[in-house]
Structure formats: structure tokens, C-alpha cells
Amino acid sequence: MAESKVTSRKVLLVENEEEAKFIRGLFEKDDFPWDICWAPTLKEAAEWLRRNKGDRAPLVIADYSLPDGPGLDLAGGVKTPDEMDFPLVILLGDGNEEKAIEALKSGALDCVTKGEKEIEDLPRVAKDVLHEWDYITERREAKELFTALADSSQIGIYIVQERRIRFANLFLQRLSGFSEEELLNMDSLMLVHPEDREKVRKNAIKMLKGERSAPYEFRIVTKDGRIKWVLESVTSIRHQGKRAVLGNFMDITERKEMEGRLKETVEKLRKSQEELSTPVVQIWDRILALPLIGIIDSLRAQDIMEVLLNRIVETGSEIVIIDITGVSSVDTEVANHLIKTVQAATLLGTECVLTGIKPEVAQTMIQLGLNMGEVPTRRNMQEGLLYGLKKLGYEVQKERGAQ
Amino acid sequence: MLEEKEMEIKDEYDIVGARSVGKVMAQELGLGVVDQSRISTAISELARNVVLYAGKGKIHFRVVRRGSKEGLEVTVSDEGPGIPDVELAMMDGYTTSGGLGVGLPGAKRLTDEFEIRSEVGKGTVVTFRKWKR
Amino acid sequence: MNSSLREVEEMQQEQIPILKIEDFLVTSIQIPLHDKLALAFQEDVLRKIEKTNAKGLIIDVTALDVVDSFITRVLVELAAMARMMGAKTVLVGLRPSIAITLVEFGLNLRGIYTALNLEKGLKLLRKEVRDSKL
């Protein structure tokens, strides 16, 4: 609890001259550094307050009835001290309970009756009122700071208590399309897309329990039915004395859209690359040719195998000529992939012919102890085709007289 | 999308059920047809081992994430007799091809990550993961 | 799902249908073959081979989406037994994804011919029968 600074505090007495002199005397006897000012009427008091605006709020001690109006008019019609611009104490001519209640309901922090005993306590009452005023100011400033922060934020901020929204900052209002009135007391999961509600509930609970620290994504549905993606974190707080949840989230809709489009593009690229990198050609009825070119890594080998096998089934091909003339290097890995492909094709009921095995490649394969098994091999594509045609029962003859 | 599921395995029908769940979860994750086949087959093998040797057990499916990778994790566990020599069981050639359910090295080849813990008299736990490429 | 499978199985008084085309038998596996069903299937096939003196058996596995070591054994055994009774076995309609899985797993279909579809399967059997007569 902060200690009141021992600098002088201004006090504005709004009383007639005689009473004011008496009261001033009381304060001067007190050892606190009071700075007493005086105004005899409402009008002059208001004037003074205007002139001294911007300084630390003075304590105003005003008579209930002044020559030109009720002292309570200085309060400006508010109902609680929280709404006041300065702390106010009302002086009553007699111990009228009704007037006292009226004063307290109009923003005054205390009332003192100008009977003998009580009035001498005024300096002490003044100190107590100032304490309370300091406390009110601190709380008010904290709230104003929070709201200013929350409203200027590019982040959605909300408070949920007993499953209802109790606070929703401007960003959230704008993003959701709902007004503050519509959001207040809305069920906390109403904004969340129905399909994501369970997930959000689970993740929020995990985060509040401390079992999860990473923010989680989900969709909200705006007032006009659009879908937005958000990334949220939640934390436990106390709000107006009870447990509540403070949530904050970022709008990641754009990012999600870009991610989606990126994925699509990558997928399209991959597919077309797949087709390019696995050029399966039907060179004859029931004969497929696959001229492999370039580097064949694990991923590509996988794609090649899938594409080839699917094409075999699609075309009903009984012979597949796999030409490896253009393959950069044939090591154990590549050879194993080739063997796998051939075995799988054979399992489907198709015969494979390997062509284009260069001398160095043959050497490597023998040295590595690789056994291409009973896979027939031929020098090149043409010879592979001849083999295939013969297998299918064709007889290949050169026309008489041709070169 | 289903993120997690646990099932009991006690008979042939449960093996089929487990395969289906594995396939569906793999599908939802966006894994291709061949990967779905690999996962179903691995599940079939492991679940069959449970039915054959332990009588009953459990299978646990979980979607897992590592950095930006997503994948399916499957754990098959039982409190059966356990495998006396896991290393031997995991060696190629231990399985007769087209052979009797033991299929562990085969299942390992179908997956990206494969872990097995077994203790005689206590039981066996096999966990495998297949990542989305 | 489990209970409906059991119901289907109990309904299978006729088990898996086996047709006769020319000198051969043709059958299609549409549902998962577990223990009892697999055994019954093998018996049915062998009995029918004997009855019809079939020279070949075509098994359509288009509908199979998982082929594990169990079903591999069932098929390999069936082919071996059929062979002893003078009939060759051809598997047709194997899915590419299954073929890849089988190769990677390390399972092989010993003693079983394969063809892309029924038509090619019949062609293959006709040729085999012709050749064996030479």
C-alpha cells in the first residue's frame, strides 16, 4: 500500500466567510501540510476548480446549501465517487440523515455535521477521504490504461467469466462484426466455428491447467457468416473478485489463406513434376516404356514406382521396358529401388525388361553384389521393344529390299 | 479429424477393425494410398501377433507432430508371454516368407520409425510411426 | 462393425461364390478372410476343383485392400494344394499399393501366377494348359 506523499494537499473550502475562518483554523492546528483555499459561492468554486484543473485533484469541502445553490451541484450529477473528478466532503447544518444519504449517493465520500464535536474531527476525516480517493484514482487509472491498451491493440482481447463474455476489445468487435452490446454476455463458444468448439474447449482447459503453452488455432464465424482463423492463448485472472479467463488472439486468416494456396501450388507443381519425371509412354499395344533420366533419390524412386504401376493397370500393359541410359548414377540405393519396382510390377502380372545398362553401371552392380535376378536385360530401347513384341507373339521381319 | 483412439484387440474381427481405423486416420492426415496400405498391413501383422500369442491386447492410435511434420503413431501392446530374443525376432530371415504372423522385420520395413520393447512373462509393446512426406 | 461382420459370416452358407468358366474356376474375395472363413474357403475351392476337374483357378483380389502375412499364407497354401490336384492358380486385380507393400514387407506369393485382370488371367491359363499338353 503506497504511503501518501508528504507534499501539501490543496483543500477548497466552499462556505461562508465566518465558517470558513473557523474551519481554516482547525486545519492549521493539524500538523499535516494543508493548503487551504476558499470560495464563498458555487459559482466561484466552479471557477476555481476550472482554473486549477490539471493539478492534483483538490479535496473539496462544501456546505450542503450555498447562497447560489446546493453544494452537491459541484459533483455534476454523478452517482458514485468513482465518477468524480475530485474528492468531495459535504458539511451539513444539522444531523439530517436524508441529506447525508443524498450526499453519499451523489458522489460525496463523506458528510460531517457542523455540530461542535464532529466538526473538530474534520482534518482527520479529510485525511481518510484522501486515502480513499488515492485508492479510487489508482484503480481508475489502471482500468483506463488497460482499456486504452486493449482498444489500441491489433490483438483481440476478451474476458470470459462463468462461460460468458464480459469484456471484448475493439479489435474483437471489429473482427467479429458484433457490437460491444452484442458481445457482452454472449456464450463464450458462440463465436467459435461449431466444428472447432470441442477442440477449443480442450485446448483452453489444457492451457489454463498449465499442460499446454503453445497457442492454438481455430476458426470463428463472424456476424455475416464469414470464417476467420485465429491463434489464441488464454490465462487465468481474477475479475471483479472472481475467477475468469483472459484470452488474446491474433487474426491469422490471411496467413492461413496463403498457406492453403501455397500448399495447392506445391501440390500442383509436385504432380506435374511427377508426370515429367516419370514419363511413361505406351509405345505399343500392351507395351510401356519408361526412359529414366537424371538423379533418382528415394522420394523420386517412390513416385516412379507408384506412377508406373498405376499406368500398368490403367493400360493393361504386359511388358514394361525400363531404360536407365540417362540415369546419373546407379548405386546400391537406386539399384534397390529398381529391383523393388520390377518385383512389384511382376507381382501385378507384367514382365519387365531393363535396358541401357552402361558398362560402368554393370561393373558397379556386380561389385556391389547386386543381383538383378531373372530380369531380362537388353542393350537399348529398340532391342527391348523387339523382345517385348516377340513375347507378345509377334514376328518381326524386315521388308524385302529395305535397308 | 480424429486425433487419438484406443481399441481392444481380442479376436480376428478386432484386427479388421483396427486396420480400418488406421486407414481412416492415415487418410485424414493426407497420407497416400500406398502409405495407407503400409500402415494397415503393419497393424494387421502386429495385431495378429497379439491375438495369436497374447490372447488380447490394446492398440492406440495418435496423430503426432514434430516441427512442421505430421504423422500417425500406432502402439500395439499386450501382457502376453513376451519375446525372449527381440534382436533375433527382428532379424531378416527369421520370418518364413508368407509365414506365421511374427512379421516384425517386415512391419519395420513398412514404417518410418519402429520401436519394440518386450519382456518374457510381462508382455510386449510395439510402437511405429509413419510421417507424411 | 464387429457384430455385423459376424452376421455376414453366419449368413455365408454359400461362403464365397465360385464359378466355372471353361476348364477353370473363378472366384472373388470381397470380404476379409479370417480363420474359419479362410479354412472354409480353401476347402470349398479344393472340393470344387475335384468335382469339376478344373485345370486352373483364378482368384480376383481387386477388393482386397490389405494383404498381410496371414492371407498370403492362405493363398500360397491354397495354390500349393490346388497344384497337387492338377490346377494352376492365378491371382488377378492386385492393387499397385498392395504390390508395393508386399514387396517392401518381404512377402512373396510362391507358386502363384499373376495377371492384370480376368481376361488376361484366362489367356494365361489357356496357354499353360496348351503348353503342358505338348
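Laboratory data are not the source of any read-out in this text; all were calculated from the coordinates shown. These numbers come from a predicted model, not from an experiment. Ideal geometry is used to build each Cβ from the backbone, glycine not excepted, and the neighbour counts take in all protein chains shown.
Fewest-first ordering of A:Ser213, C:Ser97 by other beta carbons within 10 Å of each residue's beta carbon gives A:Ser213, C:Ser97.
Put a plus charge on the Cβ of each Lys and Arg, a minus charge on the Cβ of each Asp and Glu, and nothing anywhere else: the dipole of region A:13-107 about its Cα centre is then about 320 debye. Spin-label model, A:Arg379/B:His60: points 7 Å from Cα along the beta carbon direction are separated by 6.3 nm.
FRET efficiency for the pair B:Glu79 and A:Lys199, taken as 1/(1 + (r/R0)^6) with r the Cβ-Cβ distance and R0 = 41 Å, rounds to 0.75. Take every Cα pair under 8 Å whose residues are at least 6 apart in sequence, average their separation, divide by the length of chain B, and the relative contact order is 26 percent. For the protein assembly as shown, DSSP calls about 60 percent of its internal beta bridges antiparallel. Under the convention that each Lys and Arg Cβ holds +1 and each Asp and Glu Cβ holds -1, the size of the dipole of the protein assembly as shown around its Cα centre is about 3700 debye.
Partner shielding of C:114-120 amounts to 4, given as the average count of beta-carbon atoms from other chains within 10 Å of each residue beta-carbon. Kirkwood radius, chain A, all distinct C-alpha pairs, inverse of mean reciprocal distance: 30.2 Å. Which listed residue (C:Thr89, A:Ile36, A:Gly225) has the Cα farthest towards the positive end of the charge dipole for the protein assembly as shown, taking +1 on Lys and Arg C-beta and -1 on Asp and Glu C-beta about the Cα centre? After comparing all options, I get C:Thr89. Which order results if A:Leu389, C:Leu33, C:Leu39 are arranged by neighbouring Cβ count within 10 Å, fewest first? Exposure proxy ranking, most exposed first: C:Leu39, A:Leu389, C:Leu33. Ignoring aspartates and glutamates fewer than eight residues from C:Lys51 along the same chain, the ones with Cα atoms less than 15 angstrom from its Cα are C:Glu22, C:Asp23, C:Glu43.
Among the residues of B:31-40, the average count of other protein chain beta-carbon atoms within 10 Å of the residue beta-carbon is 6. Rounded to the nearest angstrom and listed largest first, the equivalent-ellipsoid semi-axes of chain B from its Cα gyration tensor are 23, 16, 14. Loop-located GluC sites (Glu not before Pro) in region A:191-233 (DSSP state other than H, G, I, E, B) with a sparse environment of at most 10 neighbouring Cβ atoms within 10 Å: A:Glu211.
Dividing the helix sum by the residues of chain A, where each DSSP H run of 4 or more adds -39500 (n - 2.57), gives a mean residue ellipticity at 222 nm of -13500 deg cm²/dmol. Spatial offset of region B:1-48 relative to region C:37-88 amounts to 26 Å, using the alpha carbon center of each. Pairs exceeding 21 Å between alpha-carbon atoms, taken from A:Lys10/A:Lys117; A:Lys202/B:Lys10; B:Lys56/C:Lys36; A:Lys271/A:Lys358; B:Lys58/B:Lys122; C:Lys20/C:Lys127: A:Lys10/A:Lys117; A:Lys202/B:Lys10; A:Lys271/A:Lys358. Of the trypsin sites (Lys or Arg not before Pro) in region A:71-114, the ones in a loop by DSSP (not H, G, I, E or B) with at most 16 other beta carbons within 10 Å are A:Lys79, A:Lys105. The mean number of partner chain beta-carbon atoms within 10 angstrom of a residue's beta-carbon across peptide A:306-312 is 3.
In chain A, taking the dipole from charged Cβ atoms about the Cα centre, the farthest positive-side position among A:Gly25, A:Leu208, A:Gly326 is held by A:Gly326.
When the Cα positions of B:Phe61, B:Gly106, B:Gln36 are compared along the charge dipole of chain B, B:Gln36 comes out farthest toward the positive end, with charges on each C-beta of Lys, Arg, Asp and Glu. Among B:Arg19, B:Arg62, the order by Cβ neighbours within 10 angstrom, fewest to most, reads B:Arg62, B:Arg19. Available extension along the chain between A:Tyr135 and A:Val396 is 83.4 nm, counting 0.36 nm per residue and deducting the alpha carbon span. Looking at region A:202-283, the trypsin sites (Lys or Arg not before Pro) that sit in a DSSP loop and have at most 14 other Cβ atoms within 10 Å of their own Cβ are A:Lys223, A:Arg226.
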